[in-house]
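The values are calculated or read from the model by the stated rules, or taken from the named source; none is laboratory data. Note that the structure is predicted; figures quoted are calculated from it, not measured. Neighbour counts run over all protein chains shown; Cβ positions are idealised from the backbone, glycine included. The area values use the complete protein model at the heavy-atom level, side chains included, leaving out ligands, DNA and RNA. Shrake-Rupley method; radii C 1.70, N 1.55, O 1.52, S 1.80 Å.
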Amino acid sequence: MIGQGFKHHLQILGEVTVLTKNTFQATFSSPFYWGRLFEQIVQLGIGSLSITIVIGIVTGLVMTLQFGYGLEKFGGTLYVPAIVSLSIFRELAPIFTSLLVAGRIGSGISAEIGAMNVTQQIDAIRALGTNPIRVLVVPRVLATMISLPLLAVLSGFMGIIGGFVIAFLEFNMPVGFYVNKVLSTVNFMDVFGGMIKCVFFALVISITACYRGFQTKEGTRGVGTAATWVVVRASIIILISDFFLSKVLLLLFG
């Protein structure tokens with residue numbers, strides 16, 4: 001049983017790798033469907049703005065509240081803006097945004113492509129002489145890779161705003177001091193490092209979702225199972241890979 005399970009997971013890894021290779025080949029060859037790309041950016045990126053803003057603000061509120069009262073015991077309240085801003089841009093905004101996107105976008109992509117597969121729409125695309133990867137996968141992968149880093153940056157800025165609200169109301173911290181601490185602590189590489197993480201997370205989410213969509217069977221029940229499968233797998237990969245990405249980025253940029 002263990003050997004069969006390992007073989008099955010190894011087969012999935014191989015199939016996902018092949019899909020990734022074919023996706024990149026289709027991306028850098030013609031024809032390219034720009035209209036579908038912009039449509040997916042609107043659907044996946046702009047459609048996730050509200051939940052991104054909410055998670056960013058709430059993260060800033062909670063982090064500042066916890067760090068503020070925790071450091072207040074040691075007279076370290078003045079360090080709260082620096083700690084919170086670094087934590088948000090380096091880790092919390094990329095991770096939380098990616099997990100939310102995995103739940104919203106990943107499940108949506110797998111359900112959409114899965115429904116097309118069980119209703120034989122993908123077979124119809126092949127019958128018309130069109131590559132399904134070029135039409136269905138490439139726009140979704142690129143749209144996710146473009147949208148997720150920008151959403152994470154937006155979430156980070158919303159977190160800073162949320163943190164300021166708590167710092168001002170709970171700890172009487174002046175506006176100028178808070179802003180100066182954030183600007184002197186967070187640099188471009190902190191924000192850019194979080195965006196690099198999100199590009200990788202976006203690739204994981206979109207490729208995993210597209211792969212599971214193509215493998216969907218058993219009608220509507222299979223569509224629901226595929227959506228759950230994608231969210232669980234993508235979330236696990238994001239959480240595990242975050243450690244290694246953080247280590248690499250620290251070695252490269254300090």
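Tabulated data for the structure shown
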{"quantity": "Those helices (runs of 4 or more DSSP H) lying entirely in segment 20-119 with at least 3 residues closer than 25 Å to N187 by Cβ, within 20 Å of the chain's Cα centre (by Cα) and at pLDDT 90 or above", "calculated": "49-72, 80-87, 93-101"}
{"quantity": "Options F96, F24, F67: the member that is open to solvent by 50 Å² or more (accessible area, probe 1.4 Å), under 24 Å from F200 (Cα atoms) and touching a residue at least 12 places away in the same chain (Cβ under 8 Å)", "calculated": "F96"}
{"quantity": "Count of segment 181-203 residues which are part of a helix (DSSP H, G or I) and open to solvent by 20 Å² or more (accessible area, probe 1.4 Å)", "calculated": "13"}
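Quick grid of which residues meet (1) crowded, with 23+ Cβ neighbours inside 10 Å; (2) on the phi < 0 side of the Ramachandran plot; (3) free of Cβ contacts under 8 Å to residues at least 60 places away in the same chain:
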{"site": "L100", "(1), (2), (3)": "no, yes, yes"}
{"site": "R104", "(1), (2), (3)": "no, yes, yes"}
{"site": "A111", "(1), (2), (3)": "no, yes, no"}
{"site": "Q120", "(1), (2), (3)": "no, no, yes"}
{"site": "I125", "(1), (2), (3)": "no, yes, yes"}
